[in-house]
Amino acid sequence: MEIYAEKIIENWKWLKKKEIVKFVDVNPTCIDKYVDTLKTLPKKQVYWDFENIHPKDDFAFARFAIITSAINFCYMDLQKPEQAFTIKESETSYKGAMAMFRCFFRTFGEKNITSKNLKKVFCSQDATKEFFTGVVQIPMLEYRHWIIQELITVLDEKFNGDPINLYEDSNWDALLLLDKLIQYFPMSFQDISHIYTTQKTLQFPFFKKAKLAILLYQGRSSKTNSQLKPLSNFNEIIAVEDYRVPQYLNSVGVLNYQDDLKKIIEKQQIILPHQQMEIEIRAATTVANSLILEKLNSGLKADDSRYWSIANLDAHEWFGAQSVDFPHHITPTTAY
Ligand SMILES: Nc1nc2c(c(CN[C@H]3C=C[C@H](O)[C@@H]3O)cn2[C@@H]2O[C@H](COP(=O)(O)O)[C@@H](O)[C@H]2O)c(=O)[nH]1
């Protein structure tokens, strides 16, 4: 397991021991049942090759995965949370993350996304607004604009303008890539929360968007005849802590919410980022996924066909959340 998830789990255990955890519980009995069910299901493998959404060219997709992940966060209108960012084009409508991806594809298509191309398109805040034109405006537009400016600047300064060099400089290793993303692109990929107690300060280094970029890449690299080689050390990653995965884990009983939190989520009230409630939801997601993967893969080697990677588990949970009725938590954040 990578060191950041390890830290989250260690800190979660400490908080549990000190009875500081208040809002979310991980239910071991439900994990056992859930794992038994997963074992009966075919593993979900997503290649991120959806028509009109993702570039078909594998290397163009590898670039796309990093750039789009930096702005893959918060799609609900924060005044009317039931309303997600939406794009309509004649017959088709795209929502949430799909709509954001579509904005990139409709402009760049199969073109490689480099700092030079980004600079032309995102030359002003108005231009960024136009890029994301939809039925409903994309939330936190200004944050997205400045994150893209960071991508442009840092790619130019450190990576010769091309996101492919991030993979290359990381030697196609998932953990080195994770570290490069968070080190060089703080606005885009930093994602750490803290819980302060009288005894110590506990860090929760989630880095959700950086891990998501890596998952997207790995998904495409596992497609038959993919031009991309799979990243080494990928199986060290165990969770992508967004708002959909905990929604799903809660629906299958793996995560239990305390009554006050349940009400807040049900009424779609805002939970601010870095509040203990929000940290608990995300940290419990890491803890739960770690236990799930451990049980699911117990006694199996990574090359066993029954082995579930985080790409398989996350896809099951993320897509599974689409048919859950109970809402997800609403947090105005650029982290997820
Ligand atoms: N754990 C995990 N979280 C993921 C993804 C994806 C990527 N799937 C897309 C990739 C290509 C396709 O076009 C899919 O749309 C997005 N998210 C997160 O979900 C939230 C958006 O949700 P919604 O409002 O329903 O669109 C937001 O926090 C976003 O960052 C994933 O795979 N795993």
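The values are calculated or read from the model by the stated rules, or taken from the named source; none is laboratory data. All values reported here derive from a predicted model rather than from experimental measurement. Cβ: placed from backbone, ideal geometry, glycine included. Neighbour counts: every protein chain shown. Note: areas computed on protein heavy atoms with side chains; ligands, DNA, RNA excluded. Shrake-Rupley method; radii C 1.70, N 1.55, O 1.52, S 1.80 Å.
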- Item | Accessible area in the full protein assembly, largest first, 1.4 Å probe, for 74, 123 | 123, 74
- Task: Kindly list the residues of the range 163-189 that lie in the label zone of residue 274, defined by a backbone N under 19 Å from the point 7 Å along the Cα-to-C-beta vector.
- Result: 182-183, 185-189
- Message: On a straight-distance basis, which aspartates and glutamates could pair with residue 158 in a cross-link, Cα separation under 12 angstrom, same-chain partners fewer than 8 positions away excluded?
- Response: 150, 169
- Item | the chain, accessible area per residue, ligands and nucleic acids excluded (1.4 Å, Å²) | 45 Å²
- Note on the structure: Summing +1 per Lys or Arg and -1 per Asp or Glu among the other residues with Cβ less than 15 Å from residue 94's Cβ gives +1
- If you add up the charges near residue 40, with Lys and Arg at +1 and Asp and Glu at -1, over every other residue whose beta carbon is less than 12 angstrom from its beta carbon, what do you get? +3
- Going by the alpha-carbon gyration tensor, a ≥ b ≥ c the square roots of its eigenvalues, is the range 101-153 rounded (a/c under 1.5) or, if a/c is not under 1.5, prolate (a/b greater than b/c) versus oblate? oblate
- Length gained when the stretch residue 158-residue 50 is fully extended (0.36 nm per residue, less Cα-Cα span): 35.8 nm
- Using a cut-off of 18 Å between alpha-carbon atoms, which lysines can reach residue 129, once sequence neighbours fewer than 8 places away in the same chain are excluded? 88, 95, 119, 120
- Task: Mind checking which of 287, 248, 275 is farthest towards the positive end of the range 214-315's charge dipole, using Cβ charges of +1 (Lys, Arg) and -1 (Asp, Glu) about the Cα centre?
- Result: 248
- Estimate the FRET efficiency between residue 224 and residue 36 by the formula 1/(1 + (r/R0)^6), using the beta-carbon distance for r and 30 Å for R0, to the nearest 0.05. 0.50
- Treat every Asp and Glu Cβ in the chain as -1 and every Lys and Arg Cβ as +1, leave all other atoms uncharged, and give the resulting dipole magnitude about the Cα centre to the nearest 20 debye. 140 debye
- In the P(r) worked out for the range 68-123, what percent of Cα pairs fall beyond 13 Å? 67 percent
- Message: Can you give the Rg/Rh ratio of the range 3-323, where Rg is from the C-alpha atoms and Rh is the Kirkwood radius?
- Response: 0.95
- Note on the structure: In whole percent, the fraction of accessible protein surface over the range 3-323 that belongs to carbon or sulfur atoms, probe radius 1.4 Å, stands at 48 percent
